[in-house]
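Undergrad: Supplied in structure tokens, the structure appears directly below.
The values are calculated or read from the model by the stated rules, or taken from the named source; none is laboratory data. Keep in mind that this is a model prediction, so the values were computed, not measured. Positions of Cβ are backbone-derived with ideal geometry, glycine not excepted, and every protein chain shown enters the neighbour counts. Accessible surface is based on the protein model in full, side chains and every heavy atom, while ligands, DNA and RNA are left aside. Shrake-Rupley method; radii C 1.70, N 1.55, O 1.52, S 1.80 Å.
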Amino acid sequence: MRFMLIVKANADTETGSMPSRELIEEMGRYNEELMKAGVLLAADGLHPSSRGARVLFSGDKRTVVDGPFAETKELIAGFWLIPVGSRDEAIEWVKRCPNPTRGESAIEIRPVSEPEALSAPFTPAARASEARTRPQRPSQEQPRRRRP
């Protein structure tokens with residue numbers, strides 16, 4: 001199972017200021033721990049929403065809205081993508097993470113929808129397309145992972 005660990009944005013992350021050297025080093029050690037355990041597929045921080053845009057859909061119409069976006073609590077400041085055996089294992093990894101903003105912060109844990117979980121709408125043609133568009137996706141046979 002893959003899980004996305006989502007660092008929720010706050011007023012500090014939306015200013016675009018860089019984290020402290022100490023926090024960068026702590027996060028580096030945490031990321032190295034994830035890598036050594038074989039449970040890190042991706043990890044990145046995001047620029048503030050002032051540098052982003054949204055595309056709103058209404059039927060065939062598309063509307064582009066430039067950032068910044070008002071509802072900070074709904075924004076993402078960064079993420080990890082990890083393959084682990086269960087939601088509980090993902091929670092244990094997050095509990096080991098340094099506080100990403102030093103102040104009040106939250107990391108949301110969300111399972112990634114796997115093509116295998118989709119039934120009738122996921123036709124053989126859709127499965128083939130999925131396989132072609134995800135060449136970097138790890139095989140189902142994961143290397144042995146070390147638990148948190």
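Undergrad: Is it the case that Lys61 is out of contact with any strand residue (DSSP E or B) (no Cβ under 9 Å at 6 or more places or on another chain), within 15 Å of Glu108 (Cα to Cα) and not acidic (Asp, Glu)?
TA: Here the answer is no, as Lys61 does not meet what is asked.
Undergrad: From the set of residues in segment 79-120 that are within 25 Å of Gly16 (Cα to Cα) and among the polar types (S, T, N, Q), which is surrounded by the most Cβ atoms within 10 Å (Cβ to Cβ)?
TA: Filtering first and then ranking leaves Thr101.
Undergrad: Within the bounds of segment 86-98, is there any residue that is acidic (Asp, Glu), at pLDDT 70 or above and not in a helix (DSSP H, G or I)?
TA: Taking every residue of segment 86-98 in turn, none turns out to be acidic (Asp, Glu), at pLDDT 70 or above and not in a helix (DSSP H, G or I).
Undergrad: Which of the residues spanning segment 51-78 are surrounded by 10 or more Cβ atoms within 10 Å (Cβ to Cβ) and more than 26 Å from Cys97 (Cα to Cα)?
TA: Arg51, Gly52, Ala53, Arg54, Val65, Asp66, Gly67, Pro68, Phe69
Undergrad: Open to solvent by less than 50 Å² (accessible area, probe 1.4 Å), in contact with a strand residue (DSSP E or B) (Cβ under 6 Å, 6 or more places away or on another chain), modelled with pLDDT under 95 and not in a loop (DSSP other than H, G, I, E, B) - does that describe any residue in segment 9-32?
TA: yes
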